[in-house]
1. Please compute the contact order of the chain in relative form: average sequence separation of alpha-carbon pairs under 8 Å and at least six residues apart, divided by the residue count, as a percent.
2. So how much accessible area does Phe50 have, in Å² to the nearest 10, using a 1.4 Å probe?
3. How many Å² of accessible area per residue for the chain, probe 1.4 Å?
4. Just one of (i) 216; (ii) 92; (iii) 123 is volume of the Cα convex hull per residue in Å³ calculated from these coordinates, so which is it?
5. Heavy atoms only, probe 1.4 Å: what % of the accessible area of the chain goes to carbon and sulfur, would you let me know?
6. Just to confirm the number: angle between the C-alpha axis of helix 2-13 and the first principal axis of the chain, 0 to 90 degrees, nearest 10?
7. With runs of 4+ DSSP H residues as the only contributors, calculate the mean residue ellipticity of the chain at 222 nm using -39,500 (n - 2.57) per run, divided by the residue total and rounded to the nearest 500.
8. Once you order the gyration tensor axes a ≥ b ≥ c over the Cα atoms, which shape class does the range 18-67 get: rounded for a/c under 1.5, otherwise prolate or oblate by comparing a/b with b/c?
Amino acid sequence: MRVCTGIASLRDQVPEAATPILEYFDRTYVSGSVRHITHSNVVRRIEPLFPPPLWNVHDITVSDGDRTSNHCEAWNRRFVSMIGHKSPSVWTVI
């Protein structure tokens, strides 16, 4: 997977001050994390919260596909025009 290769490449290039953000991105969006259970010497891999197949649009972009859901975009446009605000409060919606 090219995303994993990219993260590995960034590890070699990123300044030390940026390492925490790279680690966060890797845990949350790419590789997940590892949990060591000390009393049983077990290592457990935890999947990322948002794995690459969920957010990576490279293949869709290369094949000239849609990167967004037009149905969702249309619904959001209609909702904004109906309410009159992009970020309405609960009271405005009610």
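The values are calculated or read from the model by the stated rules, or taken from the named source; none is laboratory data. Keep in mind that this is a model prediction, so the values were computed, not measured. Heavy atoms of the whole protein, side chains included, go into the accessibility calculation; ligands, DNA and RNA do not. Shrake-Rupley method; radii C 1.70, N 1.55, O 1.52, S 1.80 Å.
1. Details: 57 pairs, mean separation 15.1, N = 94.
Averaging sequence separation for qualifying contacts and normalising by length gives 16 percent for the chain.
2. My reading of the accessible area for Phe50 is about 80 Å².
3. On the way: 8010 Å² over 94 residues.
With all protein chains present, the chain gives 85 Å² per residue.
4. Derived directly from the coordinates: (i).
5. On the way: 4600 of 8010 Å².
With neighbouring chains kept in place, the figure for the chain is 57 percent.
6. Between helix and principal axis, roughly 60 degrees.
7. Working: 6 runs with 46 residues, N = 94.
The helix-only estimate for the chain comes to -13000 deg cm²/dmol at 222 nm.
8. Working: a/c = 5.07, a/b = 2.33, b/c = 2.18.
In terms of gyration-tensor shape, prolate.
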